[in-house]
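The values are calculated or read from the model by the stated rules, or taken from the named source; none is laboratory data. Just so it is clear, the structure is predicted and the values come from calculations on it, not from any experiment. Neighbour counts run over all protein chains shown; Cβ positions are idealised from the backbone, glycine included.
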Amino acid sequence: MAAPIAKKKRAVRQDEKRRAEFEASQKRIGRRRNFVGLLGVFPLLASLGCGSGTFIDALCVIPRDWWLLIWAGLFGSFLGLTIRLVLERRKFQREAAAGPTA
């Protein structure tokens, strides 16, 4: 009689642990994505600011194409992390909707 109750408690604890791990993972990826997004602003501003007569002109020593290449790489990383966040969230929601597996 106590065995089914223990199994239910164990299942609840496992679900709570899985949810906590998922939320921690989402936070880590979200912070990384925000950092990459912020980092991507600098090469974009450097490439667009050349020739504007501001302090950014010192960065114009590096060709504009290189700045855009760096920005494109960072933007691709940002998009990849965003897609990963969405896909992992969908996967978690599908698994949660399916219920516990035996």
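Condition check ((1) within 19 Å of the chain's Cα centre (by Cα); (2) within 30 Å of Ala97 (Cβ to Cβ)) across all residues:
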{"position": "Pro4", "(1), (2)": "no, yes"}
{"position": "Lys8", "(1), (2)": "no, yes"}
{"position": "Arg13", "(1), (2)": "no, yes"}
{"position": "Phe22", "(1), (2)": "yes, yes"}
{"position": "Arg33", "(1), (2)": "yes, yes"}
{"position": "Ser47", "(1), (2)": "no, no"}
{"position": "Pro63", "(1), (2)": "no, no"}
{"position": "Gly73", "(1), (2)": "yes, no"}
{"position": "Leu79", "(1), (2)": "yes, yes"}
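Touching a residue at least 40 places away in the same chain (Cβ under 8 Å), at negative phi and not small (Gly, Ala, Ser) - does that describe any residue in the stretch 61-81? Within the stretch 61-81, one or more residues are touching a residue at least 40 places away in the same chain (Cβ under 8 Å), at negative phi and not small (Gly, Ala, Ser).
Looking at Asp65, Asp57, which one is at pLDDT below 85 and either in a helix (DSSP H, G or I) or touching a Gly at 6+ places or on another chain (Cβ under 6 Å) (or both)? Break it down stepwise before answering.
Details: Asp65 fails: at pLDDT below 85.
Within the list Asp65, Asp57, the selection yields Asp57.
Number of residues in the stretch 63-102 that are surrounded by fewer than 10 Cβ atoms within 10 Å (Cβ to Cβ) and of a type in the set (Ser, Thr, Tyr) equals 1. Total residues in the stretch 2-57 satisfying the condition of being on the phi < 0 side of the Ramachandran plot, without any contact (Cβ under 8 Å) to a residue 12 or more places away in the chain and exposed (fewer than 12 other Cβ atoms within 10 Å of the Cβ): the figure is 24.
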